[in-house]
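Worksheet: one structure, shown below.
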Amino acid sequence: MSSTDISAEEVDRLYERLNKEAEEGGYHLNPDVEFAKDLIRGILTNEKRYGYWGCPCRLACGRKEEDLDIICPCDYRDTDLSEHGMCYCALYVSEAVEKGEKELTGSIPERRRPAKERKKAKSEHPRKSVSSLPLPVWRCKVCGYLCAREEPPEVCPVCKAKKERFERFM
Amino acid sequence: MRMTHAKGNKMGKVVLYALSTCGWCRKTKRLLDKMGIEYSYVDVDLLEDKEEDEVMKEIERWNPKCSFPTVVVNNEKCIVGFNEEKIKKAVGYE
């Protein structure tokens with residue numbers, strides 16, 4: 001499927017939505033609107049292909065449970081924003097970049113570990129728990145938001161990541 | 001494997017592994033076009049599964065993270081990511 005199957009209206013609509021959500025949550029989309037819209041077109045293409053918003057600059061495997069970490073906004077966004085002023089694909093940028101105080105000249109290193117290492121790590125880290133707490137604490141893997149309740153929220157109130165992106169923190 | 005060939009000045013064998021949805025891969029294609037050099041590229045996300053596996057193995061030899069874009073020059077130099085200076089230097093473009 002080519003990325004031209006997505007209409008300009010669809011791209012514009014999602015751009016407006018993401019831009020609004022980003023600004024409300026203290027995030028910023030890339031001020032190069034054409035570049036940002038191309039990435040959004042890529043996200044929509046991946047949604048049609050795989051059924052989820054796979055990062056446009058990463059190759060999705062097609063199995064959602066294995067790609068949760070690269071569903072936009074990805075698990076690596078906030079760390080990359082702090083370190084490089086942009087996320088991996090550069091849809092999101094830091095305030096300095098948004099204001100034009102810092103320029104983006106090229107792509108940044110991939111923080112996601114290769115597939116083999118990811119599989120290994122998954123089997124090596126059993127979850128710790130504090131059983132005396134009255135409620136479990138859930139952590140949004142995208143932005144770090146924490147909440148203590150029976151279940152994670154449907155959508156992260158800060159970064160809008162979906163429920164499945166939460167992990168049991170305590 | 002289906003490679004798309006872009007005509008231009010011969011500066012050696014330049015191969016670009018890309019994703020059709022990636023903004024930095026698009027910038028890399030534009031840079032190579034602007035440089036006017038001959039190169040081949042493949043959008044790995046558009047390949048069938050079997051072909052994709054083969055290409056990913058090929059990329060892994062150069063770039064163990066298998067990230068995009070990856071540019072390989074003359075089967076000896078590899079540039080990972082979009083970096084205009086490094087790409088120009090690797091192909092010997094003044």
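The values are calculated or read from the model by the stated rules, or taken from the named source; none is laboratory data. Computed from a predicted structure; not experimentally measured. Note: ideal-geometry Cβ built from the backbone for every residue, glycine included; neighbour counts use all protein chains shown. To get the accessible areas, we keep the full protein, side chains included, count just its heavy atoms, and leave off ligands, DNA and RNA. Shrake-Rupley method; radii C 1.70, N 1.55, O 1.52, S 1.80 Å.
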- Residue among A:147, A:140 that alone is open to solvent by less than 60 Å² (accessible area, probe 1.4 Å), free of Cβ contacts under 8 Å to residues at least 24 places away in the same chain and touching a strand residue (DSSP E or B) at 6+ places or on another chain (Cβ under 9 Å): A:147
- Give just the number: which of (1) assigned by the TED database to the domain that holds residue A:27; (2) closer than 26 Å to residue B:71 by Cα does residue A:118 not satisfy? (1)
- Restricting the search to the range B:38-56, which residues are part of a helix (DSSP H, G or I), open to solvent by 40 Å² or more (accessible area, probe 1.4 Å) and within 14 Å of residue B:20 (Cβ to Cβ)? B:46
- Message: Any residue at all in the range A:74-82 that's more than 16 Å from the chain's Cα centre (by Cα), open to solvent by less than 70 Å² (accessible area, probe 1.4 Å) and free of Cβ contacts under 8 Å to residues at least 60 places away in the same chain?
- Response: no
- In the range A:75-97, what residues are within 14 Å of chain B (Cβ to nearest Cβ) and farther than 19 Å from residue B:26 by Cβ? A:76, A:80, A:84
- Residue, farthest from the other protein chains (Cβ to nearest Cβ), within the range A:42-56, restricted to residues that are surrounded by 19 or more Cβ atoms within 10 Å (Cβ to Cβ) and more than 12 Å from the chain's Cα centre (by Cα): A:44
- Task: Identify all residues within the range A:24-41 that are open to solvent by 30 Å² or more (accessible area, probe 1.4 Å) and in a helix (DSSP H, G or I); write none if there are none.
- Result: A:24, A:33, A:34, A:37, A:38, A:41
- Task: Kindly indicate which of B:21, B:28 is at the interface with another protein chain (Cβ under 10 Å from one of its Cβ atoms) and part of a loop (DSSP other than H, G, I, E, B).
- Result: B:21
- Message: Among the numbered criteria (1) touching a Cys at 6+ places or on another chain (Cβ under 7 Å); (2) at pLDDT below 95; (3) not hydrophobic (A, V, I, L, M, F, W, C), which one does residue B:70 miss?
- Response: (2)
